[in-house]
1. Tell me which strands (runs of 3 or more DSSP E) are completely within the range 75-155 and hold 3 or more residues being open to solvent by 20 Å² or more (accessible area, probe 1.4 Å) and modelled with pLDDT of 95 or more, or say none if there are none.
2. Assuming ASP57 fulfils every condition listed in (1) within 17 Å of LEU39 (Cα to Cα); (2) under 11 Å from the mean Cα position of the chain (by Cα); (3) open to solvent by 50 Å² or more (accessible area, probe 1.4 Å) apart from one, which condition is it?
3. I need every pair where a residue in the range 56-67 that is under 8 Å from MET80 (Cα atoms) has its Cβ under 7 Å from the Cβ of a residue that is among the β-branched types (Val, Ile, Thr) and in a strand (DSSP E or B), sequence separation at least 6 or different chains.
4. May I ask you to list the residues in the range 24-54 that are under 22 Å from CYS205 (Cα atoms), hydroxyl-bearing (Ser, Thr, Tyr) and open to solvent by 60 Å² or more (accessible area, probe 1.4 Å)?
5. Which residue is modelled with the lowest pLDDT, if the candidates are limited to the range 160-194 and must be assigned to a strand (DSSP E or B), touching a Phe, Trp or Tyr at 6+ places or on another chain (Cβ under 9 Å) and among the polar types (S, T, N, Q)?
Amino acid sequence: SAHAQIVSSQSNQVIVTEQVKPEKPKKPWNGKFYAKAGLSMDNMVGGASVDLATGYDIDFGFTKPFGKSNTYWGMELGLMSKSCSVDGFDIGMGHNIHFSPFMLSLHFPVSETVDIVPFLGPYASFNLNWFGDGKYIDSGRYEGYDEDSGLFDVGLNLGCGVWIGENFSLDLHLRKGFASNFEYYYDSQWGFNYEESSLLKIVLCAGIIF
């Protein structure tokens, strides 16, 4: 008779598991955006004898702390006026786009809901229109806009604000331009002459923080 032999074998099942490195948790955005607008007193200083004129300043930007410190940095973009008056004669208003590539601020809490925030930063601006188009004033005196050097401006923005709660702010700041943005033309005993001046703005703003 035939002899049958049954051979059984067990196979070992090998399970290969791939180790997945845990993803680093993303750091939450701890900055704040803001929008603010206010009235300004505009003037041209450094040469021409001119007077203040009423203007405006509108800003949009963000601010973000360095780590966990009370020192913040940010950027700002906005629209502002540029104007002055000569002997009470309103010479019109210029409109400018301005950009601050780096704003530095310090937050000093004075209570649970109020921070004092001094800030400082450079800005550059570009004129959207001319103002002071050489209108006659009196006795051969004119006001005029320097079209060669007045198209662009660079300057410094500095001030101090109050942050109230999580969503509101008030601040007073000063913008000082360094480029010649206004030329005052006039007749003198030495002949036709002109004086150059640069922008000075004092601005009171209210803002929303989000």
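1. Details: elements: 89-106, 114-127, 133-138, 141-144.
Here the list reads 89-106, 114-127.
2. (3) is the only condition that ASP57 fails.
3. ASP57/VAL203
4. Residue satisfying the conditions is THR54 alone.
5. Per the stated criteria, the residue is ASN193.
The values are calculated or read from the model by the stated rules, or taken from the named source; none is laboratory data. The structure displayed is predicted, hence computed values, not measured ones. Don't worry about glycine lacking a Cβ; one is built from the backbone with ideal geometry, like all the others, and counts go over all protein chains shown. Side chains included, ligands, DNA and RNA excluded: accessible areas come from the protein's heavy atoms. Shrake-Rupley method; radii C 1.70, N 1.55, O 1.52, S 1.80 Å.
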